Amino acid sequence: MTPDPPDLSNFSLLDIFCLEVETQMALLNDNLLAIEREPNADAATTAKRLEALMRGAHSIKGAARIVGLDRAVGVAHTMEDYFVAAQNGELSITPAAIDVLLNSVDWFAQLQQLSAPELAPWLATQADEIAQLQADITALLTDAPAVAPAVSASPPPLPNAPAPAAIATAPVPAPETIAGDRTVRVSTDNLNQLMALAGEAVVEANWLQPFMDSLLQLR
């Protein structure tokens, strides 16, 4: 039997934010510790854990943005950037990195325990702590070894073989989108930006629906 959803009718937006942070903190802790325990887990398991970590940080970022906690948005966004880089294979999560990331989770644990009157004064004292958290995570990103692209060596030319003729390269025409009788040229850079925005919109939509359901219950 499916349990009834919690009654949020007497909850403020800040209360809902704190519940969201509490849920995502548990997810972040569990997956970070799982990666630490099983550094050699299979690729599918690791990918699943990184996906959960990215979505957890993204959910906190979205919830913080809705209640106007810009400093919390910044911390969660930096964490999300790190998890996205790990998903893309640009780095691996080391024990030292896990310690840094757990420090950020602990910071959110302190934040979500505060009442509304305590929140603004506490955040006002946190500028240095927030800057340090973000700097530590950013350092993990900048210190990550770059992944060199694979290079295939060309075989040497055969003795007395004629040199290959130079091949003239023509610029690749920009992709076109056609709507009715109109043709619109789109540069490759703009197309890449549109694809990136579309991907981000999908992620935002996946997070927004559960949060909107909570708001409807509040209403």
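Provide the packing ranking of 87-96, 113-122, 65-74, i.e. peptides ordered by the mean count of other C-beta atoms within 10 Å per residue, highest first.
65-74, 87-96, 113-122
By per-residue mean of other Cβ atoms within 10 Å, what is the highest-first order of 39-48, 133-142, 23-32?
23-32, 133-142, 39-48
What list of ³J(HN,Hα) couplings, whole Hz, do you get for the range 48-60 from phi and the Karplus terms 6.51, -1.76, 1.60, once you set θ to phi - 60° and write x for glycine and proline?
Taking θ as phi minus 60°, the curve returns 5, 5, 5, 4, 5, 5, 4, 5, x, 5, 5, 5, 4 Hz for the range 48-60.
What spacing in nm lies between the two simple spin-label points modelled at ALA116 and LEU13, each 7 Å away from Cα in the Cβ direction?
A separation of 1.1 nm, rounded to one decimal place.
FYI, it's all coordinate maths here, none of it is from the lab. In this text, all values refer to a predicted model and were calculated from it rather than measured experimentally. When we count neighbours, we look across all protein chains shown, and the Cβ atoms used for this are built from the backbone with ideal geometry, even at glycine.
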